[in-house]
1. Each label point is 7 Å from the Cα along the Cα-to-Cβ direction; what then is the distance between the points at LEU14 and PHE180, in nm?
2. So if we plug the beta-carbon distance of GLU445 and LEU408 into 1/(1 + (r/R0)^6) with R0 = 30 Å, what FRET efficiency do we get, rounded to 0.05?
3. On a full-extension model of 0.36 nm per residue, what is the gain between ALA301 and LEU117, subtracting their alpha-carbon distance, rounded to one decimal in nm?
4. Restricting everything to alpha-carbon atoms, can you work out Rg to Rh for the chain with a Kirkwood hydrodynamic radius?
5. How would you order 336-342, 8-14, 362-368 from highest to lowest mean count of nearby Cβ atoms within 10 Å?
6. Is it possible to state the helix-based mean residue ellipticity at 222 nm for the chain, with each DSSP H run of 4+ residues giving -39500 (n - 2.57), the sum divided by total residues, to the nearest 500 deg cm²/dmol? What is it?
7. Between segment 168-184 and segment 11-82, what's the alpha-carbon centroid distance in Å?
8. If I ignore ligands, DNA and RNA and count only protein heavy atoms, how much of THR446 is accessible to a 1.4 Å probe, in Å² to the nearest 10?
Amino acid sequence: MDVGTVLLLVGAILAGSIVVALGAARVGVPSLVAFLALGMLLGSDGPGGIDFDNAELARAVGVAGLAAILYEGGLSTSWRRLRGVAVPAALLSTVGVVATAILTGAAAYVLFDLSWLESVLLGAVVASTDAAAVFATLRYTNIRRRIARTLEAETGGNDPVAIALTIGLIDWIEKPSFAFPDLLLLVVRQLFLGLVVGVALGALAMWVFARLPHSIGAFVPVASVAAGALSFGTADVIGGSGFLAVFLVGLAVGSTPSRYRRQLVAFHEGLAFLAQVTMFIVLGLLVFPNDLPPVALPGLALAALLVIVIRPLAVWLATVASNFTLREQALLGWAGLRGAVPIVLATFVLSSEVGEAETIFNAVFFVVVVSALLQGTTLEWIATRLDLVDPQPAVVAAPLEVDALGSLALAEFDVAGDHAIAGAAVRELGLPRSALIAVLARHGETIPPRGTTVIEAGDRLFVLAPRALRAELEDVFARWRRRV
């Protein structure tokens with residue numbers, strides 16, 4: 001095909017993905033399921049008729065897309081917001097993943113005609129929660145902040161663990177000389193080197209992004225993409241976890257006070273959405289509906305066990321020493337959404353020499369679809385039933401009030417406890433350059449705001465900005481209200 005035809009097809013698929021996403025949102029279906037369905041429709045068994053069975057290419061697309069999603073997830077938050085839940089999140093990312101892999105492996109050994117190692121491999125593939133699904137779901141829910149942040153930190157950390165386990169188990173199956181000590185060494189090496197690279201390059205990125213001059217402001221997104229690519233590539237080349245490194249560097253950039261933070265968040269949100277669309281459609285092309293019936297019943301049974309029994313038990317094992325209540329543990333157990341990560345890891349298996357690779361891939365498909373449809377659509381309802389949802393924050397209907405300042409307008413913003421800016425410093429708020437916090441009212445007193453002034457729940461901010469920035473300022477207010 002010539003270039004024009006390729007661009008026409010790409011544009012049509014992307015436009016179709018937007019329509020699919022809108023339709024999915026209206027009927028309450030997770031977008032990842034809709035994108036998977038679109039990929040299947042475009043495939044050789046669907047009306048699209050695209051013959052695609054290149055597992056290696058699908059794996060490469062999935063790895064690149066997952067790296068972009070993890071970087072955006074780190075960028076959209078900050079270490080300040082996650083440090084309070086670092087310990088339980090780390091336990092969920094390690095103990096929880098290992099427990100899930102073993103328990104799911106035991107169930108798969110009974111349900112499928114797999115060897116013990118192949119069964120545990122299937123368990124490792126579906127052991128981690130999905131960054132794209134978790135970030136997208138939590139961003140627009142009112143689940144209590146501590147639970148939401150624990151889940152966000154967990155999904156940033158458990159992907160590298162699951163990926164290392166999957167790679168190690170594939171090597172164990174393919175190489176007779178490989179043994180459990182080799183698996184343990186591989187996992188520890190990947191996590192350690194990924195941590196070292198992420199911390200080192202994250203510190204360098206913080207130094208760079210805090211000093212970028214205004215003259216190259218238009219190139220800041222390029223610098224951000226370069227930071228993510230360098231972190232992933234460096235860790236991967238030396239045998240570490242590129243996924244852990246890229247998440248940590250994104251977290252470092254997101255924690256850096258910078259005039260460009262709002263610009264970067266908006267850019268990477270769009271990039272992450274594009275990555276999701278590309279990943280799910282390509283992975284959907286690899287799913288052949290005619291191959292699914294033989295594994296449908298055991299696949300659905302495994303998915304049900306994972307959602308109802310295995311994930312809650314793994315959460316309890318990982319958090320038994322933490323100060324979570326039973327209701328909070330129950331919600332953490334229900335919030336183990338599966339999505340792109342298990343399917344990407346399934347392409348690792350599909351492109352290997354594992355004998356039952358296709359069975360594992362098709363079983364993962366059922367696990368992902370059931371998790372997305374069941375957990376993704378009921379998470380906030382379950383949280384409400386468990387009384388773990390904060391009240392919906394009040395939205396100021398008309399944030400800009402006209403006054404006698406001519407071309408300027410004064411906006412008021414009341415900070416609620418679950419707003420994203422609660423606990424942030426003034427210099428981290430991401431206001432347009434021509435806007436400023438004129439006055440901060442707290443407990444009946446006015447405080448002259450400085451860059452280091454920390455915003456607290458109950459504060460009222462008076463923002464001075466040109467009237468021409470009304471729409472832009474309303475976008476900023478919407479981001480301030482967002483749960484991060």
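The values are calculated or read from the model by the stated rules, or taken from the named source; none is laboratory data. Not measured: the values here are computed from a predicted model. We place every Cβ from the backbone using ideal geometry, glycine too, and count neighbours over all the protein chains shown. Heavy atoms of the whole protein, side chains included, go into the accessibility calculation; ligands, DNA and RNA do not. Shrake-Rupley method; radii C 1.70, N 1.55, O 1.52, S 1.80 Å.
1. Spacing of the two 7 Å Cα→Cβ label points: 5.0 nm.
2. Details: r = 24 Å, r/R0 = 0.81.
Plugging the Cβ-Cβ distance into 1/(1 + (r/R0)^6) gives 0.80.
3. On the way: separation 184, 0.36 × 184 = 66.24 nm, distance 1.97 nm.
Full-extension gain reported as 64.3 nm.
4. 0.99
5. On the way: 336-342: 28.4, 8-14: 12.1, 362-368: 25.1.
Going by the mean number of other Cβ atoms within 10 Å, highest first, we get 336-342, 362-368, 8-14.
6. -20500 deg cm²/dmol
7. With segment 168-184 and segment 11-82 each reduced to a Cα centre, they are spaced 32 Å.
8. Ignoring ligands and nucleic acids, THR446 comes out at about 100 Å².
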